[in-house]
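Have a look at the structure below, then the notes.
The values are calculated or read from the model by the stated rules, or taken from the named source; none is laboratory data. For clarity, every value in this text was computed on a predicted model and none was experimentally measured. As a convention, Cβ positions derive from the backbone with ideal geometry for all residues, glycine included, and neighbour counts pool all protein chains shown. Protein only, heavy atoms only, side chains kept; ligands, DNA and RNA dropped before computing areas. Shrake-Rupley method; radii C 1.70, N 1.55, O 1.52, S 1.80 Å.
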Amino acid sequence: MINLRDKGADLWEGWNRPKRITFVFALLVVISLLPFAGNFSFSSFLNTPSASYQDVLVYPIGMFILMALGLNIVVGKSGLLDLGYVAFFAIGAYTDAILTTKTHLNTWQVMPIGIALAMLSGVLLGLPTLRLRGDYLAIVTLGFGEIVRIVILNSSITGGTNGVASIPNPPSVLGQKLDLNHSVNFFWIVLVMILLVIWMIRRFTVRRPGRAWEAIRQDEDVAILMGVPILRYKIWSFSIGAAIGGAAGVIFAAKVLVIAPDMFTFNVSVLILSCVVFGGMGNIWGVVFGATMLAYVPQRIRFITNARELVFGLVLIIVMNLRPDGILPRKKREKLSARKEKSA
Amino acid sequence: MRLEIKDLRVHYGKIEAIKGISFVVNEGEIVTLIGANGAGKTTTLKTISGLRKVSSGQILFDGEDISNVPAHERVDLGISQSPEGRGIFPGMTVLENLEMGKYNRKNRKIEMNEDLEMVYGLFPRLKERAFQAGGTLSGGEQQMLAIGRSLMARPKVLLLDEPSMGLAPQMIANIFRIITQINKQGVTILLVEQNAQQALQRAHRAYILETGNVVKEAKAADLLNDPAVREAYLGTGAH
């Protein structure tokens, strides 16, 4: 099977700096203009029936990408199967919902609190459970996801089944309003967050934490023998993933204005995990692509209503059979720097 | 440097795998533990490197009991293990694997080039394969990589678990020759082997393990000529 990621990387390596900058810039322009694509006849095929296309770009697409990037650190980079990732999303969302409705804090002020709470819960969950391996960890995280949902469902501060309503919109950013009529601005905010997260992950992975995660994923015992403090790095991986999920949750609550426990079911965890696996575990671009597809396609084929989920499931099965490592799998080739050294 | 195991017991669940063994590895020696499958050789090594917990007894390293030191910190103390089945990171290149061997060294940046040269000197093949993924190497090359990687941590004592496993006879001879060479450079070696012939030829002293007990201790050369040992571990046809 051809490795599309390697093809892309080869192309990229062949380019000089100005060419790369031009490409990135052009790509960013195209992506940031995506919300308007529905207005023009040549690109109107992108439009989603029965849901506002601009809203779809924020939720599910933007949110899925953010969460998938976060989960990818845990599952793709460090090889820890987390089946309760939705819990961190829910913690972020409820932190925003409760604090913005009950205090004078606005969304941006709540953001760091939401991230911190998600991280903290990641550490609390991780400390006792990350000593477990493989299947056991999956079961415990699955349980955690359910516990968080059930606690939310049954406590009064979270509004129980009714959830929290009339969550205020975030204050304007650079004079741009963020409300129901300005989904485009939300999209740009989420885009900036995604870019920040990608930048952060790339920083991490080329440095020591990335090596440690990679070693843990490939062989935990040998990683210990190399002197890697594996529990510490697993907890880092877990809490960074949680932080990203929390950040996505905060924005999500501020966008949809009403949240309820049934938005945070096990299904979401599975869907996000599917994004990671479908796109290509461990590779940022694969994960972004997978999340985009899995969020967008069901919205795009809404016109076939009842058969939608069935078709979606079939597509997943077929694709995973053809490309078991995902659409854009992680690197398989020789190390990048190697080529430079050889040619030098 | 002196590694002393005192009345060590290790359990897997309720099963006692190591039933109170004691032995000593003196500085500069090659000591080998030989024995059949299930004798507890690998468990002993894993307990010294910290992958298995001690049920009772002591692991004295330079006179200090390290049995409660976390496994990843024992590397810093100077104990380095090349695991059974080689334990190469298949998705990392040879160079990346070697760099992992230095993961916890404080002076890793300063030492890196010098130690890479040292490992490449012992195993020129690894230099040729430096940018190839570890998983694509042959069995012998992977064994070289595993040993080389454990040397990157500048160990005082090197624990080798079945370095001959699954290798062709010529490669086995080659690996053992290099093990002697490493020892001559000042690294103390504790070697676990099923290939008793090679191990006894290279080692100074040997302990024979049977179902979790040390049943015999002697100079390696004496064991090579011991009829009972020849019968049990070297096969009657050994010469």
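For segment B:107-130, a tally of residues being among the aromatic types (Phe, Trp, Tyr) and touching a Lys or Arg at 6+ places or on another chain (Cβ under 6 Å) returns 1. Here residue B:52 meets each of (1) in contact (Cβ under 8 Å) with a residue 24 or more places away in the chain; (2) out of contact with any helix residue (DSSP H, G or I) (no Cβ under 9 Å at 6 or more places or on another chain); (3) open to solvent by 10 Å² or more (accessible area, probe 1.4 Å) with one exception, condition (2).
Among the residues making up segment A:29-77, a single one is over 22 Å from the mean Cα position of the chain (by Cα) and under 12 Å from residue A:187 (Cα atoms): A:36. Of the candidates B:22, B:80, the single residue that is small (Gly, Ala, Ser), away from chain A (no Cβ under 14 Å) and surrounded by 14 or more Cβ atoms within 10 Å (Cβ to Cβ) is B:22. Listed by position, the helices (runs of 4 or more DSSP H) contained in segment A:9-72 that have at least 3 residues being open to solvent by less than 20 Å² (accessible area, probe 1.4 Å) and under 30 Å from residue A:267 (Cβ atoms) are A:63-72.
Each row is one residue, and each column tells you yes or no for (1) in a loop (DSSP other than H, G, I, E, B); (2) within 14 Å of chain B (Cβ to nearest Cβ); (3) surrounded by 21 or more Cβ atoms within 10 Å (Cβ to Cβ); (4) within 12 Å of the chain's Cα centre (by Cα).
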{"position": "A:202", "(1), (2), (3), (4)": "no, no, no, no"}
{"position": "A:211", "(1), (2), (3), (4)": "no, yes, yes, no"}
{"position": "A:243", "(1), (2), (3), (4)": "no, no, yes, yes"}
{"position": "A:248", "(1), (2), (3), (4)": "no, no, yes, yes"}
{"position": "A:269", "(1), (2), (3), (4)": "no, no, yes, yes"}
{"position": "A:275", "(1), (2), (3), (4)": "no, no, yes, yes"}
{"position": "A:285", "(1), (2), (3), (4)": "no, no, no, yes"}
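At least 1 residues being crowded, with 16+ Cβ neighbours inside 10 Å and aromatic (Phe, Trp, Tyr) is the threshold, and among the strands (runs of 3 or more DSSP E) wholly inside segment B:173-239 those reaching it are B:205-210. Restricting B:160, B:60 to residues that are under 20 Å from residue B:189 (Cα atoms), open to solvent by less than 60 Å² (accessible area, probe 1.4 Å), more than 13 Å from chain A (Cβ to nearest Cβ) and at pLDDT 95 or above narrows the list to B:60.
Looking across segment A:295-344 at every residue that is among the aromatic types (Phe, Trp, Tyr) and under 24 Å from the mean Cα position of the chain (by Cα), the one that is modelled with the highest pLDDT is identified as A:296. Here residue A:224 meets the list (1) under 21 Å from residue A:85 (Cα atoms); (2) within 14 Å of another protein chain (Cβ to nearest Cβ) almost entirely, failing just condition (1). Kindly check whether there is at least one residue in segment B:180-195 that is over 12 Å from the mean Cα position of the chain (by Cα) and within 12 Å of another protein chain (Cβ to nearest Cβ). No - not one qualifying residue is present in segment B:180-195.
Can you name every residue in segment A:170-200 that is open to solvent by 30 Å² or more (accessible area, probe 1.4 Å) and more than 26 Å from residue A:240 (Cα to Cα)? Of everything in segment A:170-200, those that are open to solvent by 30 Å² or more (accessible area, probe 1.4 Å) and more than 26 Å from residue A:240 (Cα to Cα) turn out to be A:171, A:172, A:174, A:175, A:176, A:177, A:179, A:180, A:181, A:182. Screening B:41, B:19 for residues that are among the basic types (Lys, Arg) and under 20 Å from residue B:147 (Cα atoms) leaves exactly one candidate, B:41. When residue B:106 is tested against (1) over 15 Å from residue B:144 (Cα atoms); (2) in a loop (DSSP other than H, G, I, E, B); (3) within 13 Å of chain A (Cβ to nearest Cβ); (4) in contact with a Leu (Cβ under 7 Å, 6 or more places away or on another chain), exactly one condition is not met: (4). Evaluate the following for residue B:3: is it within 14 Å of chain A (Cβ to nearest Cβ) and either closer than 23 Å to residue B:162 by Cβ or out of contact with any helix residue (DSSP H, G or I) (no Cβ under 6 Å at 6 or more places or on another chain) (or both)? In short, no.
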